[in-house]
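These notes concern the structure reproduced below.
The values are calculated or read from the model by the stated rules, or taken from the named source; none is laboratory data. Quick caveat, the model's predicted, so the values are computed rather than measured. With ideal geometry, Cβ positions are generated from the backbone for all residues, glycine too; neighbour counts draw on all protein chains shown. The protein model used for the area step is the full one, side chains on, heavy atoms only, and it has no ligands, DNA or RNA in it. Shrake-Rupley method; radii C 1.70, N 1.55, O 1.52, S 1.80 Å.
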Amino acid sequence: MNIFTNRDIKKLFIVLSCAFAAFIILSQLYCWLSAGAFNVILFLLSLLLAAGIFTGCYLYFHRQQQMIENAISQINLFVSGDASARIESDNEGSLYKLFHEINTLATTLNAHTVREQNTKDFLRNTISDISHQLKTPLAALAIYNSLLQDECEDKTAVRVFALKSEKEIERIETLVQNLLKITKLDAGAIIMDKHIENISDMMNDLKAHFEIRAEQETKEIILSGRDDEMLLCDRDWLIEAVSNIVKNALDHTDANSHIHIEWSRLPSATQIVIKDNGSGIHSEDIHHIFKRFYRSRFSKDTQGVGLGLPLSKAIVEAHDGSIAVDSVLGNGSTFVLSFLNLTKL
């Protein structure tokens, strides 16, 4: 009799019972006052109909109560940690609609839980990676500091170790700055200030930034594209994205190498392509180079921290664009940045 734990159902059955009792008493009184076989049969049929209605109501509410108890059982399982627990909601009706909404809520909560767990895992892994990345430059700084103390009278040695210390400090600063930029982009804390910009002007500014390094390493940055080509973007952030790829190209090319930056407007997208004739990317690494802190076991670069390319990817995606790479080991790499032509320029 679990259905009678529901106060509304209990009241309904009390009312029905009173109505049926009154009906029986009045029917018996009527049959007694007007005797006849037809009246007796009518009374019995009415009594049977009343019993049927009463039984039907009871069975209906009993089934509804079972459904609710099963739903409560599934909800308790979900609360206890069973993320797959769901309420049967395949039929039609208001109650099934309610169950469907509860299932939708459970799915949403489960998605939030998974996302929160992924965020925690990401933060834990990021902190671990940062700690690992900082150990090397900090250890080097400690060694250089010790050597500086020992060689304080040798000005040449002091100058050498001071320069090495400066490089390690720059490495730490680059790591921290890039990490802060990626974190802000992920958190949506940075709003792209997009304007119609001239691509040629941006790429010339970028070339000027790397000009001294390119000359020192006898490498050449070659620009190619129409001077009047425009792009809706955040100028500073887009230059940052391309700069990281160009820096990566400079790091992995030998003397007398060339780095080509080309741009063009296609019917559906504007593309910026960065090509180099450097060492290329190993096939084992091609699908991982945009992962944060990823370091190839084939790489000879011991100074990189593995944040430049992930930052470029985050910036391009913040512009609703995409980035792709094609590379042949020993024959250089090609990075393609594509931006949909959503506005008429």
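Just a few scattered comments:
- Distance between the stretch 49-83 and the stretch 232-246 - C-alpha centres, whole angstrom: 61 Å
- Listed residues Arg115, Arg265 arranged by accessible area, highest first, probe 1.4 Å: Arg115, Arg265
- Net +/- balance of residues flanking Thr218 in space, Cβ distance below 13 Å, scoring K and R +1, D and E -1: -3
- For the residue pairs Lys194/Lys291; Lys120/Lys164; Lys164/Lys207, the C-alpha atoms sit more than 32 angstrom apart in Lys120/Lys164.
- Net +/- balance of residues flanking Asn103 in space, Cβ distance below 13 Å, scoring K and R +1, D and E -1: -1
- Full-stretch length increase - Ile72, Glu166 - with 0.36 nm per residue and alpha-carbon distance subtracted: 27.4 nm
- Full-extension gain in nm, Asn341 to Thr107, via 0.36 nm per residue minus C-alpha separation: 80.6 nm
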